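The values are calculated or read from the model by the stated rules, or taken from the named source; none is laboratory data. Because the structure is predicted, anything quoted here is derived from the model rather than measured. In this analysis, Cβ positions are derived from the backbone assuming ideal geometry, glycine residues included, and neighbour counts consider all displayed protein chains. Just so you know, the surface numbers come from the protein's heavy atoms only, side chains and all, with ligands and any DNA or RNA stripped out. Shrake-Rupley method; radii C 1.70, N 1.55, O 1.52, S 1.80 Å.
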Amino acid sequence: MNPPHATSPARGVPAGDAVAIVGVAGVFPGAATAADLWRNVVAGVDAITEVPAGRWDPSFFDPDAKSADRFYCRRGGFVDDVATFDPLAFGIMPVTAESCEPDQLLALGAAQAALIDAGKVHERLDPTKVWVIGGRGGHLGAGVARLDQRVRTANQLAAVLRGLLPDLDEDRIRQVKEEFQDALGPERPEGSIGLVPNLAASRIANRFDFRGPAYTLDAACASSLIAVDHAVTQLLSGAADLVLAGGVHHAHDLTLWSVFSQLRALSPSGGIRPFSENADGILVGEGTGILALRRLSDALADGDRVYAVIHGTGVASDGRASSLMSPQAAGQQLAVEAAWLASGLDPARGGLIEAHGTATPLGDRTELETLHAVFGGADSGPRAGLGSIKSMIGHAMPAAGAAGLIKTALALHHRTLPPTLHVEDPNEAVARTRFRLITQAEPWESDGPRLAGVNAFGFGGINAHVVLGQAPGTSVG
């Protein structure tokens, strides 16, 4: 287990300090802002829809799909009707924006919203001590897919024509190749920079003139929470005074759908039901979530609004397992226990767990085993709340943890236990834990400071957990 965070007085950081969430922003299915997301959560809005027209050709859908180029599911979480971005407001020419990966632009917009939500604290800080850390997967994005088709697929097409139709002259082959490339849109060399993955973070630093490190990391579905873990480390060491941390995922590419379809991980019934006896798989979601983080002592000294306090983080891997795709309770437990040890708080006091909640039978069973091991069984104390935002927006992959963290921070801020959808028939293992699934929003009553945990467990056995608590000065009860 990791020891509790220790900080150096020589850097001017109070020993035992914590990290405050002072700003939140994002765009997720059905929610153009973090405030929209919270309203949808409280109201129990299901933002899952069928694939919007234009995302991919309906011919790829086949309920009896057997091959890699057909998918048996066509439902998920999409931001098409809520995501907007004005490139000119950020000094980006529209022609350049058209070639960018959308996650770069949406992350830039969310960063601005998070900074505004945080009271523009960055304007009075040393820019060399403002960091940007974003979780981002290595999934194929729309822009890179077009480039790959322009470069590789066009030449493969020409080669196939030469092999199948040896009498076809080269002028005709060149014409077919050029027509294929033209259908992908105009070739704009100035837009190629918009395809570089780390620019999801670097654009933010560039636009706001932040001089601290700005980078992305890929830890699969745990990416957002590991970005937050990095942020906490840098803030409590004194290296950073403000960190924008979170995750982005806007890659509903056909290749991603193919992977999850081949794994039979997508829900055949078209529903995502975490911790339900009827859970039969994930639905792919998307989104961007960014949190503005400061040391709690600095936030309180400056009179910042504090949504919630990060008391501890924990990260661990599963180690050796029979499969890289099989979650291990032991590895998850290491991460959860490390976070609570770092917090110095008793897990028995936790009143809410925002679970990873994949809605796969194995994933749910493993996570419930983890919760039982760390937090105790049904007879070990009052029932605490359990839920997963995936039931409302789908699985946002590297951005999933950011969605869960924003939801939980706002639950603490509003003293509300948020609901989870589609759990009318709970998994029988839930009853053996000290948790209960919340099916509709209810006041969060507590006989002490409210505490919560957020899980994110990624492919390959990477696990992360964050311990949150209510802001100082807020009422108990």
From (1) in contact (Cβ under 8 Å) with a residue 40 or more places away in the chain; (2) within 15 Å of L293 (Cα to Cα); (3) out of contact with any helix residue (DSSP H, G or I) (no Cβ under 6 Å at 6 or more places or on another chain); (4) not in a loop (DSSP other than H, G, I, E, B), pick out the condition that doesn't hold for L106. (2)
Using the structure shown, decide if V45 is β-branched (V, I, T), touching a strand residue (DSSP E or B) at 6+ places or on another chain (Cβ under 9 Å) and either at pLDDT below 95 or open to solvent by 50 Å² or more (accessible area, probe 1.4 Å) (or both). yes
Single residue of the stretch 381-398 satisfying the filter (in contact with a helix residue (DSSP H, G or I) (Cβ under 8 Å, 6 or more places away or on another chain) and more than 10 Å from H249 (Cβ to Cβ)) that is most open to solvent (accessible area, probe 1.4 Å): G381
Scan the stretch 205-226 residue by residue and report those that are assigned to a helix (DSSP H, G or I) and more than 14 Å from I21 (Cα to Cα). A205, N206, R207, F208, S223, S224, I226
Does any residue of the stretch 3-12 turn out to be crowded, with 17+ Cβ neighbours inside 10 Å and either modelled with pLDDT of 95 or more or in contact with a Gly (Cβ under 6 Å, 6 or more places away or on another chain) (or both)? no
Let me confirm something: among A83, A89, which residue is assigned to a helix (DSSP H, G or I) and in contact with a helix residue (DSSP H, G or I) (Cβ under 9 Å, 6 or more places away or on another chain)? A89
For the stretch 368-477, which strands (runs of 3 or more DSSP E) that fit wholly inside it have 2 or more residues that are touching a Cys at 6+ places or on another chain (Cβ under 7 Å)? 451-458
Hey, does the stretch 300-313 have a residue that's farther than 23 Å from G461 by Cβ, open to solvent by 10 Å² or more (accessible area, probe 1.4 Å), touching a residue at least 60 places away in the same chain (Cβ under 8 Å) and not in a loop (DSSP other than H, G, I, E, B)? yes
